[in-house]
Each structure stands twice: as structure tokens, then as C-alpha cells.
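Bear in mind these aren't lab numbers, they're just calculated from the coordinates by the rules spelled out. What you see is a predicted model, and the numbers here were worked out from it, not measured in a lab. Positions of Cβ are generated from backbone atoms using ideal geometry, with glycine treated the same way; all protein chains shown enter the neighbour counts.
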Amino acid sequence: MRRLVLLAALPLAACASGYRPVSDDPVRIGNPYAVRGRSYVPAADPTYDMLGYASWYGNESGKRTANGERFRARWLTAAHRTLPLPTYVEVTALATGRRLVVRINDRGPFAGGDSRILDLSRGAAASLGLTAASPAAVRVRIVEPSEKDRRRLRAGKPAAPLAPVAEPILQNLRAQLDGGRS
């Protein structure tokens, strides 16, 4: 019985600390907002598949994310300007072909112009081999991971590993990002 009482108190303790418990419910699209004079309109986009650049951040550990959770730099999370919170995306590093699933739980990036489409946590950037090279060319696309992978990501652990992308496909993606200038 005592264990039941403690388990029931955990969500309340998280709220009392000022942070929302890590959860996929409810999914929040959010209201339009402005940062540095620029307007953003959050929206669901199940076909989201973009090429661009990702930077990484990690000095904000312990701060509140846009969906109210505690930011943990080592977890595989990211920030996006308009996708619902949370959203799961597959991120591919175009330099190496490494890819992984991350959970979007924050807003950003707000620096670096329109070519930056994602801010990765330090843990996600390190897993992709991107911490030394920021911003880095990436492909970001929405995915629907298994419930097992969702649970792992919500607990700060990686989802099942994904095979790297083959070099011919990477060359094609790089050419698309470069606009054929290479």
C-alpha cells in the first residue's frame, strides 16, 4: 500500500518542482509566437521531411523546455520551431550517414537563420558525431517509433539503433541541400 501511495505522488512531485513529467500526452501544437521579431505558427505536419542544418545546445541543463519538461543535455532530444511537442523525428547526419530517433520537446533554433532547422541536445549531437561540427548538414523527418522506443526515449535512453544511410543516398541528399552547386 505504501508503494502505491509513493507512485501516485510522483506526478505531483514533478509538478511541484515546476516541471511537467516526461510524457507524450497531451501533444501540444501551441499558439503562434514571435521571437526576435519573427513569427512562427506551430502546426502538425505528418509528412515533414527536410534538409537543412542542425546546431546543438547543452548548457541549459535543468531549465524548462517549451513543453514544460526539465531539459537534460545528455538525453536524445531536440528543439524545432513549429512541430508539435512532443514529436519524434529521425535525424540523419549527412556527413557520416549516422541516424537516430530523437524526441522534440522544445522550441528553436532561433539563431543562424532559416537554414537551421533543428537544435539537438548535446547527447543527440554526440550520438550523431556532430558536436565538433556545428552547424551540421542533416535530414530531419517525422517518424512513428514503436511504443518500446518511445518509452526508452522518454526515460533518457536511445531508441533501437538504425543502420547508417548508404553513401549514394547521402550524396543525393547533399546535392539536394547544396542546390546542385557541387
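The alpha-carbon positions of region 43-178 define a convex hull whose volume is 102 Å³ per residue. Placing +1 on the Cβ of every Lys and Arg and -1 on the Cβ of every Asp and Glu, with no other charges, gives the chain a dipole of roughly 660 debye about its Cα centre. Modelling each spin label as a point 7 Å along the Cα-to-Cβ direction, I'd like the Ala132/Glu147 distance in nm, to one decimal. The modelled label-to-label distance comes out at 4.2 nm.
DSSP finds beta bridges in region 47-182, and of those with both partners inside it, around 70 percent are antiparallel. Here the peptides 108-116, 93-101, 161-169 are ranked by packing, the mean other Cβ count within 10 Å, and the order with the highest first is 93-101, 108-116, 161-169.
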